[in-house]
Amino acid sequence: MSALLGSLANSVLAIVFILGTCIFVHELGHYVAARCARMRVEEFMIGFPPRVVSFTRRETRYGLGIVPFGGFCRIAGMEPGQEAVENGFYTKPRYWQAVVIAAGAVMNVLLAVGLFTGLGIVEGVPVAYVDPPEIDTLVRGETPARQAGLLPGDSIVALDGERSCLEIAEVRAGSVAARLGLAAGDVVYRVNEEYVAVPADVPRVAAEAPGSVELAVMPSGAGPESAGEPKTITASREKLGLPDPVPPDADLAEAWGVKFGPLTVEPTRLYVMERPNRPIRLTVMRNGSELELTVTPRPESVQVQEEDGQVVREEIGQIGIVFAAVRRYDMGYALRSGLDDSQVIVKGIAGMIYRAVKGESKFEGTGIVGMAYYAHKQAQIGWGAVLSLCAIISMNLAFINLLPIPIADGGRLVLIGYEAIVRRRISSRREMAWLVAGIVFLVVAFG
């Protein structure tokens, strides 16, 4: 019972921390920019009433609400129809108005990049096709990993007897792999539409293909140091060196004339994810000795971002482990990695919104309940995972706030641009109509 309460407390703390931090940083951006522009800030509030703390200093009322799901920075003279007041929003130049409105999203971007960068320096990350699959920690609670007897410090050396992944270590001259254009360091990660993790996966998927086989390859390694773009190789089974029909026990290394590298983090994770409710025989290295354990991944429905940016819901397998981060970055590389992570998030949310507007799919944004669920899952892993989720949500908040939707900061920026062109403030009636149009747009596009 105490363990359950401890887990619940961690989860509550996680969601309050994530939302509170993202909202505070966002509103702080508006506040600091307004102060720099010498605008009068009437109220700076984090959370919703009832207020836990409230005080007034230099014409500004500061408050902390008990409900941590919002906040605001009220600037004098900014409400629709409000007359221009001393040091109010509309008494300042348009460029200062734009800076104040955009500052919230800018702060969220800086928070996300800063968190990703800091995590890369302090905690490090497992490099997908470089680091060995050593278990760092077990997720809290009764997980398949705990039930199977896995322990922190265990290294997974084989999956159902497979000791290799699909990273090519050596290519024999004149071999099938050489003729296909494969080289040492290349990683085969998908066959047709199915992701593959170990050599035995390739003949199995190829055997099910009605015609030619398409290989998706990440050239020269798939770690963060790799600058190569994925390439596609399409060939018949014969050109792949596989007989027709393909036997289930076909030796891919022999057929291709290659040597595959040992198991690493990403293939191990992928192998587990692809096998919900299917027992996996693990060969584990513990204290210099090998032992075999059987684990059955627990199915979990998650949103998965595909290569084209589309987000779909899939059932994946999870066993409740966190791999050891054996590589920590220096400041320069961690910053580049943080920027890359942030860019991936922006592309993902942009793709979702684009397809929703076109009617190709429904926008599956994550509300408060969804964020609470993910915060709970991350809290079970540890506070490093919570900080990573905080960075993701902060970047999403920045992007969505800059969309040209009337009720978002981006909509306010559009309004400021229009007012700059016509050289006057829009009427309160038109401003209210603008806000209503934004609400209608959201309901139609994403409802």
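When we measure straight from the Cα of residue 231, which aspartates and glutamates land under 12 angstrom away, once same-chain ones fewer than 8 places off are left out?
Cross-link targets: 186, 214.
Which cross-chain or sequence-distant (5 or more) residues have an amide H under 5 Å from the amide H of residue 260, H modelled 1.01 Å from N in plane?
Here 169 satisfy the definition.
Below 8 Å between Cα atoms, with a sequence gap of 6+, how large is the relative contact order for segment 135-322 in percent?
28 percent.
Which of the peptides 165-172, 425-432 is most tightly packed, and how do the rest follow, judged by the mean count of other Cβ atoms within 10 Å per residue?
165-172, 425-432
Under a 5 Å amide H to amide H cut-off, with H placed in plane at 1.01 Å, what residues pair with residue 236 once short-range neighbours are removed?
Amide H neighbours of residue 236: 213.
What residues have an amide H closer than 5 Å to that of residue 280, excluding those fewer than 5 places away on the same chain, when H is modeled at 1.01 Å from N in the peptide plane?
Sorted by chain and number, the residues that satisfy this are 295, 296.
Let's see if you can work this out: charge +1 on each Lys and Arg Cβ, -1 on each Asp and Glu Cβ, no other charges. What is the dipole magnitude of segment 135-322 about its Cα centre, in debye to the nearest 20? Don't skip to the answer; put the middle values down first.
Working: 18 positive and 30 negative charges, 68 e Å.
That gives a dipole near 320 debye.
Based on alpha-carbon positions alone, could you give the equivalent ellipsoid semi-axes of segment 135-322 from the gyration tensor, as √(5λ), descending, whole Å?
29, 19, 16
Which semi-axes, in whole Å and largest first, does the equivalent ellipsoid of segment 65-168 have when worked out from the alpha carbon gyration tensor as the square roots of 5 times its eigenvalues?
They are 54, 19, 11 Å, listed from largest to smallest.
Return the whole-Å distance between the Cα centroid of segment 186-219 and the Cα centroid of segment 229-257.
So the two Cα centres are separated by 8 Å.
Any read-out appearing in this document is the output of simple, stated calculations on the displayed coordinates, not a laboratory observation. As the structure is a computational prediction, the values presented were derived from the model and not from experiment. Because the Cβ atoms are built from the backbone with ideal geometry, glycine has one as well, and the counts that use them run over all protein chains shown.
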